[in-house]
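**Student:** The structure under discussion is supplied below as structure tokens; questions concerning it will follow.
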Amino acid sequence: MIISTMLSIKNETNGIETCISSVTGKNLCSQINQLKVTIYIDMIVMIFCLALRNFIVKK
């Protein structure tokens, strides 16, 4: 999704310094930041689940 958004920045904006899409009107830079936060949260949850897998799954 980040790659798709970065391609949108390249193709849908007037320049790299502007992040507002001329097609949808969305701020594409804020979408990239939100996706990064989501990836970090998912990684933390995955590490937490892996650390507690012995307690979650009983043998």
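**Student:** Go through the residues of segment 12-26 one by one and say whether even a single one is at pLDDT below 85 and assigned to a helix (DSSP H, G or I).
**Tutor:** Taking every residue of segment 12-26 in turn, at least one turns out to be at pLDDT below 85 and assigned to a helix (DSSP H, G or I).
**Student:** Out of (1) modelled with pLDDT under 85; (2) open to solvent by less than 100 Å² (accessible area, probe 1.4 Å), the odd one out for Asn33 is which?
**Tutor:** Against the list (1) modelled with pLDDT under 85; (2) open to solvent by less than 100 Å² (accessible area, probe 1.4 Å), Asn33 comes up short only on (1).
**Student:** From the list Asn14, Asn27, Asn54, which one is out of contact with any Ser or Thr (no Cβ under 6 Å at 6 or more places or on another chain) and surrounded by 11 or more Cβ atoms within 10 Å (Cβ to Cβ)? Walk me through how you get there before you give the answer.
**Tutor:** Details: Asn14 fails: surrounded by 11 or more Cβ atoms within 10 Å (Cβ to Cβ); Asn54 fails: surrounded by 11 or more Cβ atoms within 10 Å (Cβ to Cβ).
Among Asn14, Asn27, Asn54, only Asn27 is out of contact with any Ser or Thr (no Cβ under 6 Å at 6 or more places or on another chain) and surrounded by 11 or more Cβ atoms within 10 Å (Cβ to Cβ).
**Student:** Can you say whether Ile3 is open to solvent by 90 Å² or more (accessible area, probe 1.4 Å) and among the hydrophobic types (A, V, I, L, M, F, W, C), as far as the supplied structure shows? If you could, list the steps in order and put the result at the bottom.
**Tutor:** Details: open to solvent by 90 Å² or more (accessible area, probe 1.4 Å): yes; among the hydrophobic types (A, V, I, L, M, F, W, C): yes.
It is true that Ile3 is open to solvent by 90 Å² or more (accessible area, probe 1.4 Å) and among the hydrophobic types (A, V, I, L, M, F, W, C).
The values are calculated or read from the model by the stated rules, or taken from the named source; none is laboratory data. Keep in mind the model is a prediction, meaning the values are calculated, not measured. Counting neighbours? That spans all protein chains shown, and the Cβs are built from the backbone with ideal geometry, glycine included. All accessible areas refer to the heavy atoms of the entire protein, side chains included, with ligands and DNA or RNA removed. Shrake-Rupley method; radii C 1.70, N 1.55, O 1.52, S 1.80 Å.
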